[in-house]
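The values are calculated or read from the model by the stated rules, or taken from the named source; none is laboratory data. Keep in mind that this is a model prediction, so the values were computed, not measured. With ideal geometry, Cβ positions are generated from the backbone for all residues, glycine too; neighbour counts draw on all protein chains shown. Note: accessible area is taken over every heavy atom of the protein model, side chains too, but ligands, DNA and RNA are not part of it. Shrake-Rupley method; radii C 1.70, N 1.55, O 1.52, S 1.80 Å.
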Amino acid sequence: MFFGELLASSLRMAVPILLTALGAVFTERAGVVNIGLEGMMIVGSFWGALGAYYYGPYFGLLLAMAAGMFMALIHAINTVTFRVDQVVSGVAINILAYGSTRFLSLAIFNMATTSPHVSGLPKINIPVLSGIEFLKPLVTDVSPVIILALVLVPISSFVINRTVFGLRLRSVGENPLAADTLGINVFKMKYAGVLLSGILSGLSGAYLALEHTGMYVEGMTQGEGFIALAAMIFGNWEPKGALWASLLFGFSEALSFRVVEGGVVPYQFIKMIPYVLTLLVLTGVVKKSTGPAASGVPYERGLK
Amino acid sequence: MDKAVVLRGITKRFPGIVANDRIDLEVEKGEIHAIVGENGAGKSTLMKILAGIYQPDEGEIYIFGKKEKITSPGRAIELKIGMVHQHFMLVDRFTVLENIILGAEKRLGIALDEKKCRKAVEELLSLYNFSLNLDARVEEISVGQAQRVEILKVLYRGADILVLDEPTAVLAPQEVKELFNNLRRLKGEGKTIIFISHKLDEVLEIADRITVLRRGRVEGTVLPSRVTKEDLARMMVGKPVMMKLDKEPVNAGDVLLSIEDLVVKESSGKPIVNGVSLKIRGGEIYGIAGIEGNGQKELAEAIIGLREASSGRITACGRDITGLSIKEIRDLGVAFIPEDRHRQGLVLPMKVWENMMLGYHTKKEFLKGKSLNLKAIRRFTKNKVEEYGVRLSSIEQPIEGLSGGNQQKVILGRELSREPKVIVASQPTRGLDVGAAEFVHRELLKMRKKGRAILLISADLEEVLSIADRVGVMYNGKITAEFRPEEVTPEDIGVYMLGGDVKAGEGK
Amino acid sequence: MKKRYYIVLLRVLAPVLAIVLSALMSSIVILAIGKSPLQVFYTMFKFSLSRLDSVAIMLYNATPLIFSGLAVSIGFRMGLFNIGVEGQYLIGAFLAALAGFSIKGLPAVIHLPLVILCGALGGMMWSFIPIFLKVKRGVHEVISTIMLNYISYSLIHYLIADVFIDKSQKLIQGLGSILSRTPKLSPSAMMPKLHGFLGLFGLQLPRHVYLNWFFPLGILTAALVYYLLMYTPFGFELRAVGQNREAARTVGIEPERVYVIGFLLSGALAGLVGLSDLLSYFGYMDMDFPRNYGFDGIAVALIAQNHPLGIIFSAILFGFLKRGAEGIQTLMGVPREMVSILQALMIMSIVVIAKLMNDYIKRLEKKEEMMVCSSENSSPPA
């Protein structure tokens, strides 16, 4: 029973990381580094709560994805059209997200740090399986977004590796000049990758606000956008890898809450676990994993 | 019958330069039409216009008799024009098959129909009798094979006009033969081929007609049967080229650079330099010929300390320099002219004078206490700029604004002015025009006369044979043969460049 | 030669253009909440600049940003992105606080420099981790510094709330527990204010202003960094590595060595970021210790185009904005986060404008070169 619950809460913790990490895979495979994912999650959480507050959870989710996509659009204009440093643009996106949500939260809710309570999507009980005692916590009262996130893993994998779109997306991240000479619209593909990352991060933020907490709280993303980036690297730029990495990080987070109840290790150290783990992963555990060859390099036409 | 390609008055300007000046060109269907010219004559620009990468500022293009605007690479493909680039445009981490179909995939809904793609490519392979492993990753195959992938890419797109940009630059003589056979087969199938080169022998061998470009203009179109190599060279350069350099005999001095059994390994652990030994005396130029990628670059980098020697010994100026830092090696009097100026030789956004002190900025004459003596550095730079005739508007100018030849002069000024005893020059004339290349040769001969030991690595056989005192051929990480230049012909060396096995088609 | 001046003019113009452009864009946000942008900006100017104490507060606000801007810019100059200034200054401030409250009985002339040194040391220590990981294990500094920022938040929290919590504080009426903060620093560790010095010139600052000697120290540091970059061999190496690492390596400069020294220097400067607040206003470290100076430093460095002297001005600009933000919030009811939005827009505008301008300048310079070339060709060969 304890174990089942632990797994269930790991899954709940893993989902926001996973959704954003899937987004990170799309943008990175198109050769655009996006550290603005955190900011896109922030706007997702705010606009998701805002939309849900006025028009219900479905609208909230849609609004969150649109908000994430809007931020991604700014990132794409900066990095693909104007070819500025991708990390700098990402930092600006994060500041913009932080400032604008606080600004709007004050202007709309009259509260800087939280929104009123909002309701999420109706929860699902998976029939048959919920009869099994051990699996019960995993399959009862499940947020549909969790199921969506899990379904998105094989779909993303298929899109990236088995479709024409995916082949072209990858070619743009590996060698944009080659892709360009073959008549592939490099800019369109890069925009597509970045926008997809914004939509998924926005959804991830909305999940936090609507499904996980029931309201928007300032700083609720807690750097998960960055952990998602690490999950993508850990997962070797593949959706399936990102799934396992997200589950691992989610598990450590879930476990940490259990440990808090025990009270042996100071709470602050448990909060560090994902970050320390990420550092360790980047330092040693990762075998020579390599990202797309042209990742982070702006593409300029007419230059060798 | 309509001509395959007709260009009328094509002009393309770049800021400050006219790359193509009213170019007229006619290419018949089913012919191999060569376009020759020096570096910077406008060949590549012209081809990029045909490929839809650049748009001409003026002029008209007719493809198979119809006036067309080639607005993008995609449009070029629609017009059945296929470009085989000099620098391969391949995605290294993709398979051969993925590279060929990319951008023209057969679909099954949104998915890739891999079976159908494979079948189509295999049909092409058998039609033209090419051999290729479709599932190999491009990073694993040889240069000759990669070129075949490039050609297949355009054939797969149904190209009827193939544009090959300097296709032989990276190939060994025997691989060139195989390429030419393939081209003749393509011509037999009715394809039109535009062949860009500056290697006159090859052009005379393969082309049906030859168009010569000079300084962005068409100098004339000739039949290979009616001209000699010297005629073509004259058309290209505008003045008779001096093929022979004045090389005075110099008495060789002590051994200044000696390499014993040097092994350098790649990060994968594969030896890329595999037991090289050589000795160079003062007053001697040792030339290394070979197809690129056979360890020449790594040999040079090991000498200067950029790469670690996993075994063997390098001695310079009487001292064992194996394992020393780059700085220590340079301080001992080893100068390095790297093959990639922009990547290794210069800091492009920095000013000319800053580049002139690069690496020597801790020398006493450039310091005042612990700070830089900017006055002394500027004075030194002005002297060198004058001495070498570097063309620039100011030494405060970022060096990226200088032409390739002038940039190379700055590197020479920096590296040769400190009386080095050993000079490692890796592809020192690559990408330079004839005048600048001549300048480099003269400087190297000057150093030879002064009693320096010079290691010259070059992919340009003619250069090696005309300037070096001894020539070693590097193949597969080893020096497989050594000659005096007067004893051999380029063809002899070509055999060794392929490891002595004349029948093998592959370079690696 | 005239073109040279034109180019310099363009370089100076870029940040000005960026500021104007981002002010225009943020006007949309102001309009959206039904306020007049003109009035908002007017209020900002009036509130910040009309009174002497307001100007002093603006300079006080600018003080930490000078240090963080310099710390970030040193990273940029060598081609590295130190997003970790944020964590480095927190650790630096904590170590300085530790030296401030645990050591007692030293005269100020020894204690204060020691505390400042500890701040620099703390920042340096925290910057050593990412640069070590980069040089030895190839971990990208952007990811590692981001992770270390989060780790530092929790670590500081732990140190303040659990280990060094001030047990001597009196319980505040109505609150059941003591505050999470360190003990108070000794007076000998505190930085004197500028009041006395300015008084010599007849400028009287009220007591609620905390402008202190860290401000002139910041200006001096900027000048020193400028000298280091432009006039010393190490500064030259740092810039060379930043603009072409492979070329630098080829001529005998060890990029790894430059990275380590440069990053430690950046970390040391980062360690000073929080000290102006700590050693004048707070006098202890608590959970409300100012955050985000590290990220502000990125904006400051970018607006100044990484020029150390420019950083002084852009830091003052951001000090002005912060002061102005308080003005528009109190006087007009416009949330002060306006300024965060403005700041983000500034970062984007400056990088876009700088990029476009550099391309343009490069074209100009190419043209110049080509003209020289063509005159060479037309003259008969010598």
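Structure values in brief
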{"quantity": "Long-range neighbours under 8 Å by Cβ, at least six apart or interchain, first residue assigned by TED's automatic domain parsing to the domain that holds C:GLN305 and assigned to a helix (DSSP H, G or I) within the stretch C:353-365, second surrounded by 14 or more Cβ atoms within 10 Å (Cβ to Cβ) and at pLDDT 90 or above", "calculated": "none"}
{"quantity": "Qualifying positions in the stretch B:305-347 - within 26 Å of B:SER403 (Cβ to Cβ) and in a helix (DSSP H, G or I)", "calculated": "B:ARG341, B:HIS342, B:ARG343, B:GLN344, B:GLY345"}
{"quantity": "Subset of the stretch B:46-75 that is in contact (Cβ under 8 Å) with a residue 60 or more places away in the chain and under 29 Å from the mean Cα position of the chain (by Cα) - its residue that is surrounded by the most Cβ atoms within 10 Å (Cβ to Cβ)", "calculated": "B:LEU46"}
{"quantity": "Selection within the stretch A:33-64 - open to solvent by 50 Å² or more (accessible area, probe 1.4 Å) and touching a residue at least 24 places away in the same chain (Cβ under 8 Å)", "calculated": "A:TRP47, A:TYR53, A:TYR58"}
{"quantity": "Selection from the stretch C:36-74 of residues that are of a type in the set (Val, Ile, Thr) and without any contact (Cβ under 8 Å) to a residue 12 or more places away in the chain", "calculated": "C:VAL55"}
{"quantity": "Residue match in the stretch B:118-140 (condition: under 24 Å from the mean Cα position of the chain (by Cα), modelled with pLDDT under 90 and either of a type in the set (Gly, Ala, Ser) or open to solvent by less than 40 Å² (accessible area, probe 1.4 Å) (or both))", "calculated": "no"}
{"quantity": "The stretch C:240-258, residues that are in contact (Cβ under 8 Å) with a residue 12 or more places away in the chain, in a helix (DSSP H, G or I) and open to solvent by less than 20 Å² (accessible area, probe 1.4 Å)", "calculated": "C:ALA240, C:VAL241, C:PRO255, C:VAL258"}
{"quantity": "Hits in the stretch A:174-188 (condition: part of a helix (DSSP H, G or I), open to solvent by less than 50 Å² (accessible area, probe 1.4 Å) and of a type outside the set (Gly, Ala, Ser))", "calculated": "A:GLU174, A:PRO176, A:LEU177, A:ASP180, A:THR181, A:VAL186"}
{"quantity": "Residue list for the stretch B:46-99, restricted to those being within 10 Å of another protein chain (Cβ to nearest Cβ) and among the aliphatic types (A, V, I, L, M)", "calculated": "B:ALA51, B:ILE53, B:ALA76, B:ILE77, B:MET83, B:MET89, B:LEU90, B:VAL91"}
{"quantity": "Matching entry among C:LEU302, C:LEU309, C:LEU279, C:LEU269 (being surrounded by 24 or more Cβ atoms within 10 Å (Cβ to Cβ), farther than 15 Å from C:GLN88 by Cβ, more than 14 Å from chain B (Cβ to nearest Cβ) and modelled with pLDDT of 95 or more)", "calculated": "C:LEU279"}
{"quantity": "Subset of the stretch B:135-159 (residues that are more than 17 Å from B:ALA120 (Cα to Cα) and touching a residue at least 12 places away in the same chain (Cβ under 8 Å))", "calculated": "B:ALA136, B:ARG137, B:VAL138, B:GLU139, B:ILE141, B:SER142, B:VAL143, B:GLY144, B:GLN145, B:ALA146, B:GLN147"}
{"quantity": "Single match in C:SER188, C:SER180 (criterion: touching a residue at least 60 places away in the same chain (Cβ under 8 Å), within 14 Å of chain A (Cβ to nearest Cβ) and among the small types (Gly, Ala, Ser))", "calculated": "C:SER180"}
{"quantity": "Filtered residues of the stretch C:60-115 (kept if of a type in the set (S, T, N, Q) and not in a helix (DSSP H, G or I))", "calculated": "C:ASN82"}
{"quantity": "Counted residues, the stretch C:312-332 - those being farther than 26 Å from C:GLY87 by Cα, within 14 Å of another protein chain (Cβ to nearest Cβ) and either surrounded by 20 or more Cβ atoms within 10 Å (Cβ to Cβ) or in contact (Cβ under 8 Å) with a residue 12 or more places away in the chain (or both)", "calculated": "2"}
{"quantity": "Hits in the stretch C:202-221 - residues which are among the small types (Gly, Ala, Ser) and either surrounded by fewer than 19 Cβ atoms within 10 Å (Cβ to Cβ) or assigned to a loop (DSSP other than H, G, I, E, B) (or both)", "calculated": "C:GLY202"}
{"quantity": "Subset of the stretch B:100-109 [aliphatic (A, V, I, L, M), assigned to a loop (DSSP other than H, G, I, E, B) and more than 7 Å from chain A (Cβ to nearest Cβ)]", "calculated": "B:ALA104"}
{"quantity": "Conditions (1) at pLDDT 90 or above; (2) under 24 Å from the mean Cα position of the chain (by Cα); number of the one not met by A:PHE82", "calculated": "(2)"}
{"quantity": "Residue in the stretch C:116-127 that is among the hydrophobic types (A, V, I, L, M, F, W, C), at the interface with chain A (Cβ under 10 Å from one of its Cβ atoms) and either open to solvent by less than 40 Å² (accessible area, probe 1.4 Å) or touching a residue at least 60 places away in the same chain (Cβ under 8 Å) (or both) present", "calculated": "no"}
{"quantity": "Criterion: assigned by TED's automatic domain parsing to the domain that holds B:VAL471 and aliphatic (A, V, I, L, M) - qualifying residue of B:LEU306, B:LEU204", "calculated": "B:LEU306"}
{"quantity": "Cβ-Cβ under 6 Å pairs, at least 6 apart or on other chains, the stretch B:323-343 side more than 9 Å from chain C (Cβ to nearest Cβ) and within 23 Å of B:ILE399 (Cα to Cα), far side open to solvent by 10 Å² or more (accessible area, probe 1.4 Å) and not small (Gly, Ala, Ser)", "calculated": "B:GLU339/B:GLN427"}
{"quantity": "Of residues in the stretch A:133-160 being at pLDDT 95 or above and among the polar types (S, T, N, Q), the one nearest to the chain's Cα centre (by Cα)", "calculated": "A:SER156"}
{"quantity": "Qualifying position, being within 15 Å of B:ALA335 (Cα to Cα) and small (Gly, Ala, Ser), among B:GLY389, B:GLY404, B:GLY413", "calculated": "B:GLY413"}
{"quantity": "Scope the stretch A:210-223; condition open to solvent by 10 Å² or more (accessible area, probe 1.4 Å) and not in a loop (DSSP other than H, G, I, E, B); matching residues", "calculated": "A:GLU211, A:HIS212, A:THR213, A:VAL217"}
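Table: residues versus (1) within 14 Å of chain B (Cβ to nearest Cβ); (2) in a helix (DSSP H, G or I); (3) over 20 Å from A:ALA64 (Cβ atoms).
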| residue | (1), (2), (3) |
| --- | --- |
| A:VAL172 | yes, yes, yes |
| A:LYS190 | no, yes, yes |
| A:LEU208 | no, yes, no |
| A:ILE227 | no, yes, no |
| A:ASN236 | yes, no, yes |
| A:SER252 | no, yes, yes |
| A:ARG258 | no, yes, yes |
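Listed here are the residues, each with its yes/no results for (1) outside the structural domain of C:PHE282 (by TED's automatic domain parsing); (2) out of contact with any Cys (no Cβ under 8 Å at 6 or more places or on another chain); (3) outside any loop (DSSP other than H, G, I, E, B); (4) not β-branched (Val, Ile, Thr).
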{"site": "C:ALA120", "(1), (2), (3), (4)": "no, yes, yes, yes"}
{"site": "C:ILE129", "(1), (2), (3), (4)": "no, yes, yes, no"}
{"site": "C:THR145", "(1), (2), (3), (4)": "no, yes, yes, no"}
{"site": "C:TYR150", "(1), (2), (3), (4)": "no, yes, yes, yes"}
{"site": "C:LYS167", "(1), (2), (3), (4)": "no, yes, no, yes"}
